[in-house]
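The values are calculated or read from the model by the stated rules, or taken from the named source; none is laboratory data. Nothing here was measured: the structure is a model prediction, and the numbers come from that model. Using ideal geometry, Cβ is built from the backbone for each residue, glycine included, and neighbour counts are taken over all protein chains shown. Surface areas here come from the heavy atoms of the whole protein model, side chains and all, with no ligands, DNA or RNA. Shrake-Rupley method; radii C 1.70, N 1.55, O 1.52, S 1.80 Å.
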Amino acid sequence: MTQISQIIATLKRQLKLQGLTYRDVAVALDLSEPSIKRLFASEQFTLERIVEICSLLGFTLAEIAQEAQNGQRRLRTLSAEQESELVQDDKLLLVAVCALNHWRMLDMLSVYRLSEAECLQYLLRLDRLQLITLLPGNRIRVNVARDFDWLADGPIRRYFNGQGMPEFVAGDFDGSGETLDFAHGMLTDSARAKLQHELRLMRARFAQLHEESLAAPLAQRRGSGLLLALREWEPAAFAALRR
């Protein structure tokens with residue numbers, strides 16, 4: 001991807017995040033909506049037009065260029081120290097989850113019992129941890145990939161195993177849009193490897209649908225959990241009967 005393509009992709013992403021459409025861009029640039037669509041499709045923007053769109057989004061050209069660069073190198077794993085600090089403070093973890101899901105600071109304050117000073121303090125801690133970059137106007141740049149990997153037996157996995165998973169699986173899974181399925185079979189190593197590949201694709205698809213959903217207002221998005229697990233397993237009651 002060329003630098004200009006990265007910048008255009010970043011502009012598209014920011015438009016989605018802010019709920020702006022090509023029609024909004026057309027009005028701001030005093031052009032027709034089809035003209036805007038052609039510009040984005042061909043990527044034949046003048047520097048002046050890019051600057052105008054940046055202004056519409058509340059960014060400088062330098063900030064958008066930095067956004068494009070950071071988008072190519074988001075963290076895919078956290079350090080043990082980063083994970084440990086997150087799980088030691090429930091409010092910090094809450095703000096981190098909101099920030100990584102592209103909530104604005106105003107959204108956090110309207111939904112959760114956090115003061116503005118308290119929320120800002122936690123965002124600054126996340127900035128220090130390099131999970132986000134706090135921009136002017138309390139705008140948030142996410143520095144972590146959507147589908148980042150937990151450390152094996154790390155603080156986040158231990159936190160999830162101890163608290164998150166029991167709460168998650170305790171539900172009835174009978175609501176609209178909820179499902180719980182379980183399958184058991186005898187697989188070869190080759191078959192297990194193929195299934196693991198399919199699970200990775202499913203995780204990537206979940207991340208893609210999350211990105212697509214960012215264009216919708218926050219009120220239309222629902223926090224959703226997807227648990228993917230595969231391991232060699234036999235119920236303890238069965239194992240106790242083995243010779």
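Return the residue satisfying two criteria in turn: it lies in region 13-23 and is within 23 Å of the chain's Cα centre (by Cα) and surrounded by 13 or more Cβ atoms within 10 Å (Cβ to Cβ), and of such residues it is modelled with the lowest pLDDT.
So the residue we want is L17.
So C54 passes all but one of these: (1) out of contact with any Ser or Thr (no Cβ under 7 Å at 6 or more places or on another chain); (2) surrounded by 16 or more Cβ atoms within 10 Å (Cβ to Cβ); (3) in a helix (DSSP H, G or I); (4) assigned by the TED database to the domain that holds G19. Which condition number does it fail?
Here C54 meets the rest and fails (1).
Pick from region 64-73 the residues that are closer than 16 Å to R146 by Cα and open to solvent by less than 60 Å² (accessible area, probe 1.4 Å): which of them is nearest to the chain's Cα centre (by Cα)?
G71
Of all residues in region 210-229, count the ones that are assigned to a helix (DSSP H, G or I), surrounded by fewer than 12 Cβ atoms within 10 Å (Cβ to Cβ) and under 13 Å from the mean Cα position of the chain (by Cα).
Counting residues in region 210-229 that are assigned to a helix (DSSP H, G or I), surrounded by fewer than 12 Cβ atoms within 10 Å (Cβ to Cβ) and under 13 Å from the mean Cα position of the chain (by Cα) gives 1.
Residue by residue, here is whether (1) buried (at least 16 other Cβ atoms within 10 Å of the Cβ); (2) outside the structural domain of L120 (by the TED database); (3) over 23 Å from the mean Cα position of the chain (by Cα) holds:
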| position | (1), (2), (3) |
| --- | --- |
| V25 | yes, yes, yes |
| F40 | yes, yes, yes |
| L47 | no, yes, yes |
| F59 | yes, yes, no |
| A62 | no, yes, yes |
| E81 | no, no, no |
| D89 | no, no, no |
| N101 | yes, no, no |
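When region 180-200 is examined, which residues are found to be under 16 Å from L227 (Cβ atoms), under 27 Å from the mean Cα position of the chain (by Cα) and not charged (D, E, K, R)?
Scanning region 180-200 gives L180, F182, L195, Q196, L199.
Of all residues in region 29-38, count the ones that are open to solvent by 60 Å² or more (accessible area, probe 1.4 Å) and touching a helix residue (DSSP H, G or I) at 6+ places or on another chain (Cβ under 8 Å).
1
How many of the residues in region 119-136 are hydrophobic (A, V, I, L, M, F, W, C) and free of Cβ contacts under 8 Å to residues at least 24 places away in the same chain?
Within region 119-136, residues that are hydrophobic (A, V, I, L, M, F, W, C) and free of Cβ contacts under 8 Å to residues at least 24 places away in the same chain number 3.
What about L31, is it in a loop (DSSP other than H, G, I, E, B), over 16 Å from the mean Cα position of the chain (by Cα) and without any contact (Cβ under 8 Å) to a residue 60 or more places away in the chain?
Criteria met by L31.
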